[in-house]
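Enquirer: What follows is a structure written as structure tokens; I'll ask about it next.
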4 protein chains.
Amino acid sequence: MGITERKHQGKRNSRQAIIKAARKVFSQKGFNRATVEEITSQAKLSPGTLYLHFKNKEELYTFLSIAVLKRFSSKIKDIVGCAIPVEEKTERYFDLFMDVYDHDPNILINLFHLQSGEALHHLSDEVMQQLKKYSALAYGSVVSTIKEGIEAGVYINECPMALADIVWGSYAGVVLWVNSKHLLNDQKDFVKSTLKIAFRIILQGMKRK
Amino acid sequence: MGITERKHQGKRNSRQAIIKAARKVFSQKGFNRATVEEITSQAKLSPGTLYLHFKNKEELYTFLSIAVLKRFSSKIKDIVGCAIPVEEKTERYFDLFMDVYDHDPNILINLFHLQSGEALHHLSDEVMQQLKKYSALAYGSVVSTIKEGIEAGVYINECPMALADIVWGSYAGVVLWVNSKHLLNDQKDFVKSTLKIAFRIILQGMKRK
Amino acid sequence: MGITERKHQGKRNSRQAIIKAARKVFSQKGFNRATVEEITSQAKLSPGTLYLHFKNKEELYTFLSIAVLKRFSSKIKDIVGCAIPVEEKTERYFDLFMDVYDHDPNILINLFHLQSGEALHHLSDEVMQQLKKYSALAYGSVVSTIKEGIEAGVYINECPMALADIVWGSYAGVVLWVNSKHLLNDQKDFVKSTLKIAFRIILQGMKRK
Amino acid sequence: MGITERKHQGKRNSRQAIIKAARKVFSQKGFNRATVEEITSQAKLSPGTLYLHFKNKEELYTFLSIAVLKRFSSKIKDIVGCAIPVEEKTERYFDLFMDVYDHDPNILINLFHLQSGEALHHLSDEVMQQLKKYSALAYGSVVSTIKEGIEAGVYINECPMALADIVWGSYAGVVLWVNSKHLLNDQKDFVKSTLKIAFRIILQGMKRK
DNA sequence: AATGAATGAGGCTTCATTCAT
DNA sequence: GATGAATGAAGCCTCATTCAT
């Protein structure tokens, strides 16, 4: 594609190209080892262009995480609102986790890094707000469903937040762990099957005897 | 402590000071944002001193991880060898995980980062060997106990390696997750109680009905 | 020159500025005492710019040497191919040595240092190949001409490689020696006149009686 | 050798050990890449000991050079004073050069580096004086013999200093050149035979026809 | 909107030198 | 006289970011 054509496709296009490239590069290398130069060159753009769309590297990174959280929280809200038994909701949660994983298996690593304190120091207030908002939404929905399950006598009687932490943490931990251990080309299926078992175990373990 | 006293205590001391400071700084900031300057100044030493003890920043980092793995794998081997029922072994594993956590709650973050590929590029062969050795030892022991449990009909009949990944990944994931979510001064007890629940859930879920 | 003008001239310019400054600083201080900071500041650029053009300090250094070798070997090949008597070829060699010296009297010091093992540890394969290639070309041409002279009964019957070593080593040695002994501003003419005598002596001495 | 015994052998011993080790290490690595740590550990001493005998690394380096110059100038003066024909003196010079080379083939590289400006910046006045004194003595003797040869009609009528530069520069240049080109284990004989030819050529070339 | 050359702060690492023992 | 742990200045290099075009 020549420079001329690309220019005519407007700002939207370069933004999408950067987002796509960033997902890939951040996934492969993590936040620190990923360079702006590599991301933009994979997007067939120049470094300066990144800064037309994002305030800095961190905000691009955070943007990717927020995107997942948005997707997540929106879908999870749908489930929470449904008039179906808790156990069926939980099944759907499982599908949702898998869906997110399919959509971008590595983006979860970003969310993790984000909270691990390696990034998050030069974010604008606006982005920070969004991050908190969607994070709270997604997390809150999980908590409320668990609470519902406890009240319904389905799940063990523990602090619902702790249980949500366990679900969420286990999910992310297992993905990261298996990912890093099995650096194969097609690890996606392997991770998914392990995740499937993990979920079954956790849900089984959370059930009141 | 004055210069005089410190010097009197020999090389050992500065090494320990660096290890201690490194544990703290790496935990707080992660590998990349932790600087050699900060680690050594917290140890009340000058930057050059670090290199009397460690080849570079990465090897210091890896050293910390290996130390945990060593501690872990040595204790875990003791448990594996015992002539006690699998379920009792699992109980002891739990104590061991807690013991490691008590000994240095943050060091696990290092192990995780280590495998995430953000570090590990300038390690000497010797250190790399050690890392692999102790990593395999610790992991292998968990796998063999799970296998024993499956054969004894106690645990569900799934790939033991997958189950080990789930145990290990969940543990690390929950620690990281809860740690990063609750950035309080005294989160240790909070994390531990969540971990306790997590273990109970997972063990319960792994049991054959 | 203002920033505006310089930027307008593209990447080429900064490269040339660095090469020019590097020649000067390396000549004055040698490889080790020359600092990247000094080279780039003399080029009115910032340190980072050097690394847009050269992988590291060593490759810049080597580049300068290869440039001379290229110039040298290309011209020397022309002479070798000519259908003229050996003695005339030798005359032209002399002119060539002087030409290289005129073009950059100090660059020979680089070649020397290069082989002395004080540099040459972080070169990329590509640069290393080039260095060897042009080095072999230049040296080989001298050897073949000497061989021709021996066979024609013009020069004494000694190992042609040894004779080439003597010609080359004497040339470089005399330049370095006179340069370092007479640290005057205008030593160029002095060196050249000494070189002229040296060549006359060596050629005379190499003749079969 | 235990610490106790070494201590009883007095200062002289450690000084000699350092000198010996320094000759070796400087020869192998050049001034910059040779480290104080390596020199002293080869001498089975600790770094601090070097500074009991030499003000700094440069002065140790210079000391080695001065030692050669001393040896050189003293022997050369003997030759100058002899009532023998110039041509015979020249023969003896040749033997002397070879003798120095045999005694320490690499020390000449030091002298060269010394003048190339990579060292020589932190010398005490006293050492600087010595360096100049013995340098002038050795060089002056060569010049005076050449002058004698010119006056006797043996050598071509050129500036005697230039001729001395050529002899000296060629010698050092050939050693360095051949040394660096043929990094073999037993290059000493190879260098010597090349030097022999070189001398023959230069002396022959200097003769008046 | 896009470029990409240039920047320069900041980090890692080395190693000659010191000094308390 | 000797030690050797510790120092800390100095150097190389990276890379997120800027800005003139």
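The values are calculated or read from the model by the stated rules, or taken from the named source; none is laboratory data. The structure displayed is predicted, hence computed values, not measured ones. In this analysis, Cβ positions are derived from the backbone assuming ideal geometry, glycine residues included, and neighbour counts consider all displayed protein chains. When the accessible area is computed, the model is the full protein with side chains, heavy atoms only, and any ligands, DNA or RNA have been set aside. Shrake-Rupley method; radii C 1.70, N 1.55, O 1.52, S 1.80 Å.
Enquirer: Can you give the net charge of the other residues whose Cβ lies under 15 Å from the Cβ of C:K207, counting K and R as +1 and D and E as -1?
Expert: Local net charge: +2.
Enquirer: Would you mind checking which residues have amide H under 5 Å from D:Y155's amide H? H placed 1.01 Å from N; only 5 or more apart, or other chain.
Expert: D:I150, D:R208
Enquirer: In the neighborhood of A:S74, defined by Cβ-to-Cβ distances under 13 Å, what is the net charge if each Lys or Arg adds +1 and each Asp or Glu adds -1?
Expert: Its environment carries a net charge of +3.
Enquirer: Please work out whether the range B:126-209 counts as rounded, prolate or oblate from its C-alpha gyration tensor, where a ≥ b ≥ c are the square roots of the eigenvalues and a/c under 1.5 means rounded, while otherwise a/b larger than b/c means prolate and anything else oblate?
Expert: oblate
Enquirer: With every protein chain left in place and a probe of 1.4 Å, what is the accessible surface of A:H122, to the nearest 10 Å²?
Expert: Per-residue accessible area (A:H122): approximately 110 Å².
Enquirer: Compute the Cα gyration tensor for the protein assembly as shown, then decide on rounded, prolate or oblate, letting a ≥ b ≥ c be the square roots of its eigenvalues: rounded whenever a/c is under 1.5, prolate when a/b is larger than b/c in the other cases, and oblate in all that remain.
Expert: Prolate, because a/c is 1.5 or more and a/b exceeds b/c.
Enquirer: Could you work out how far helix B:125-151 tilts from the main Cα principal axis of chain B, as a 0 to 90 degree angle to the nearest 10?
Expert: So the inclination is approximately 20 degrees.
Enquirer: For the range C:16-67, what class follows from the C-alpha gyration tensor (a ≥ b ≥ c being the square roots of its eigenvalues): rounded when a/c is under 1.5, otherwise prolate if a/b is larger than b/c, else oblate?
Expert: Because its axes are fairly even, with a/c under 1.5, the range C:16-67 counts as rounded.
Enquirer: Placing +1 on the Cβ of each Lys and Arg and -1 on the Cβ of each Asp and Glu in chain D, which of D:T49, D:I76, D:A172 has its Cα farthest towards the positive end of the resulting dipole?
Expert: After comparing all options, I get D:T49.
Enquirer: Kindly give the semi-axes, whole Å and largest first, of the ellipsoid equivalent to chain D, taking each as the square root of 5 times a Cα gyration tensor eigenvalue.
Expert: 35, 18, 15
Enquirer: Quick check for me: using +1 on Lys/Arg Cβ and -1 on Asp/Glu Cβ, what's the dipole size of the protein assembly as shown about its Cα centre, in debye to the nearest 20?
Expert: With Lys and Arg at +1 and Asp and Glu at -1, about 600 debye.
Enquirer: Right, here's the next one. Pop a pseudo-label 7 angstrom from the Cα along the beta-carbon direction at both C:E91 and C:Q16 and give the gap in nm to one decimal.
Expert: 3.6 nm
Enquirer: What average count of beta carbons from other chains do you get within 10 Å of the Cβ of residues in C:188-201?
Expert: Whole-number average of other-chain Cβ neighbours for C:188-201 is 4.
Enquirer: Another one. Hey, got the average number of other protein chain Cβ atoms within 10 angstrom for residues in C:58-66?
Expert: Mean shielding by partner chains, rounded to a whole number: 0.
Enquirer: So if I take the centroid of the Cα atoms in the range A:151-209 and the same for the range C:20-41, what is the distance between those two points in Å?
Expert: 59 Å
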